[in-house]
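Take a look at the structure set out below.
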Amino acid sequence: MNTTTAPWPRRSYAWYVLSLLTLAYALAILDRVSIALLIEPLQQALKIDDTQFGLLQGMAFSIVYSVLGLPLGMLSDRRRRVTLLFGGLALWSAATIGCSLATNFQELFIARMLVGVGEAALVPVATSLIADYFAPDVRPKAYGIFVTGSSLGTAAAMAMGGLFLDWSERLIAGMPGLFGTMQPWQMVFVLCGAPGLILALVLILTAREPARQGGAIATEPISLKPVMRLFIKRPGAFGLFMLGAVLNLVCVYAIVGWFPALFIRAHGWSAAETGKTLGLVGLPISIFAAVNSGWVMSWLNKRGYTDAPILCAMGCALSMVVFGTAACLAPTGNLALVGYGLNALFLNWNTSAVYTGFAQITPNALRAQVMALQTIASGLVALTAGNFIVGYLSDTVFTSPTGIAQALGTVFFCCGLAAFLILMASRRSFREASAELAATEA
């Protein structure tokens with residue numbers, strides 16, 4: 001490793017780049033989850049069942065998203081990160097538009113895989129860039145802002161998905177010569193993917209590569225050994241923290257993938273009404289939670305809680321058990337919406353905790369790789385399981401028309417409780433790893 005020191009980038013410019021990264025995150029989530037609101041038209045057009053739809057939301061995306069995360073993380077620790085992010089953003093946006101061309105399950109599966117290829121670059125690259133744009137005392141707040149992209153993307157997928165369905169029908173009816181051969185669900189994919197191509201150009205033209213801070217630039221041959229040594233030395237800090245966070249994400253992806261179906265099937269809401277309502281309710285609450293999470297961790301740190309990220313992730317897990325389960329099993333749509341809103345208050349605490357926590361205990365030269373491993377675990381376990389298990393339970397166990405509610409409630413209670421207990425067990429090791437890295441970099 002080469003030892004280097006450099007001044008921090010100008011704060012105003014750092015916030016500008018952060019805004020681009022946050023918008024990229026929002027578009028990634030929009031392109032990833034907008035399919036959730038299209039469950040009914042897609043099932044009718046492509047003749048797919050709930051299990052296949054769960055695979056489209058989960059495995060089709062996560063299988064490549066996970067596999068490519070680590071090599072892209074290694075490249076991020078060695079190459080220009082802005083260029084990697086530009087390529088990923090352009091690819092996943094084009095692939096989202098490509099979903100509109102699918103005529104069967106297999107073709108849509110391949111298009112979703114290409115979305116995953118592009119998005120695999122986002123988290124390793126963006127979290128590494130943020131660590132080099134913001135000093136440690138500001139970094140939790142910066143990560144909190146970055147996580148608002150997830151809220152913006154999810155809310156946009158719900159609210160804009162419903163609006164896009166309405167707009168698509170009007171465009172097709174009003175301009176039959178141009179859009180007459182397309183169905184509304186196809187237009188939604190086009191409208192979701194196009195903004196990312198514009199943002200990719202803005203990013204590559206205006207975002208500069210920051211100097212790597214912390215005195216560590218990876219120069220050794222690509223190898224997993226340095227990262228593995230971290231996990232072997234501190235299995236609680238790295239392994240248990242990652243496992244607990246991933247179990248939280250199982251619930252998060254279940255919300256994104258199946259909550260629209262909950263309101264449509266169990267409570268009789270239309271797809272457009274569901275999307276608009278969930279988006280309008282979830283957007284301000286989730287953004288508040290994402291921003292608030294960074295301030296909460298900073299507040300806890302100032303009061304001596306060096307395991308603040310773990311505590312925030314535990315808060316998210318407890319919310320899943322209580323508010324998430326209640327929202328699934330609520331007897332009316334309005335009560336389910338209340339539970340959804342209360343759970344959204346803590347939903348983004350987990351993601352902010354992951355980004356801040358791993359930056360707090362991982363040396364600079366390995367941060368992108370550790371986040372890539374987190375991405376792999378999130379994709380292979382959380383994204384795949386969160387969508388597949390709910391669909392499988394709905395098809396085979398809770399087979400009534402409203403069985404989606406019981407399937408979701410089961411996932412929320414079991415995974416949320418397991419996450420809480422595992423995260424509690426990781427606190428001591430995390431505190432020790434944090435103190436060790438702080439002493440090394442002092």
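Key figures
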read-out: Charge tally in the Cβ shell below 11 Å around Pro210, where Lys, Arg are +1 and Asp, Glu are -1, Pro210 excluded; value: +3
read-out: Assigned charges on the beta-carbon of Lys, Arg, Asp, Glu; the range 1-119 dipole about Cα centre (debye); value: 720 debye
read-out: Helix 403-441 vs. the chain, principal-axis angle (Cα, 0 to 90°, nearest 10); value: 10 degrees
read-out: Using θ = phi - 60° and Karplus 6.51 cos²θ - 1.76 cosθ + 1.60, couplings along the range 365-371 (whole Hz; Gly, Pro as x); value: 5, 10, 5, 5, 5, 5, 5
read-out: Partners for Lys302 among lysines (Cα-Cα distance below 28 Å; same-chain residues under 8 apart left out); value: Lys141, Lys233
read-out: The range 387-442: Rg to Rh, with Rh as the Kirkwood radius over Cα pairs; value: 1.38
read-out: All aspartates and glutamates inside 20 Å of Lys225 as judged from Cα atoms, apart from same-chain residues fewer than 8 positions distant; value: Asp77, Glu436
read-out: Candidates Pro210, Pro260, Pro226: whichever shows maximal mean-square fluctuation once the chain is modelled as a Gaussian network with Cα springs under 10 Å; value: Pro226
read-out: For the chain, built as a Gaussian network whose Cα springs stay under 10 Å, the top-fluctuating residue of Ser12, Ser378, Ser100; value: Ser12
read-out: Angle between the chain longest axis and helix 241-261 axis [Cα atoms, degrees, rounded to 10]; value: 20 degrees
read-out: Rounded tilt (10° steps) of 59-76 against the dominant C-alpha axis of the chain; value: 20 degrees
read-out: Base-10 log of normalised Debye intensity for the range 307-424 (one unit scatterer per alpha-carbon) at q = 0.12, 0.15, 0.16 Å⁻¹; value: -0.50, -0.74, -0.82
read-out: Solvent-accessible ranking of Leu27, Leu84, largest area first, probe 1.4 Å; value: Leu84, Leu27
read-out: Rounded percent of accessible protein surface that carbon and sulfur make up, the chain, 1.4 Å probe; value: 69 percent
read-out: Calculated [θ] (222 nm, deg cm²/dmol) that DSSP helices of n ≥ 4 give over the chain, each run adding -39,500 (n - 2.57); value: -25500 deg cm²/dmol
read-out: Isotropically averaged projected area of the range 325-388, using the convex hull of Cα atoms (one quarter of hull area), nm²; value: 5.3 nm²
read-out: Å² per residue, accessible surface of the range 19-75 at 1.4 Å; value: 27 Å²
read-out: Environment charge of Arg80, counting only residues whose C-beta is closer than 15 Å and scoring Lys/Arg +1, Asp/Glu -1; value: +2
read-out: Cα-based equivalent ellipsoid of the range 46-129: semi-axis lengths in Å, sorted from largest, via gyration tensor; value: 27, 13, 8
read-out: Along each principal axis, Cα extent of the range 281-370, largest first, Å; value: 50, 30, 22
read-out: Surface accessible to a 1.4 Å probe, per residue, for the residues of the range 290-404, Å²; value: 33 Å²
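The values are calculated or read from the model by the stated rules, or taken from the named source; none is laboratory data. Only a predicted model underlies this, so the values are computations on that prediction, with no experimental measurement involved. Cβ: placed from backbone, ideal geometry, glycine included. Neighbour counts: every protein chain shown. These area figures cover heavy atoms from the full protein model, side chains too; ligands, DNA and RNA do not enter into them. Shrake-Rupley method; radii C 1.70, N 1.55, O 1.52, S 1.80 Å.
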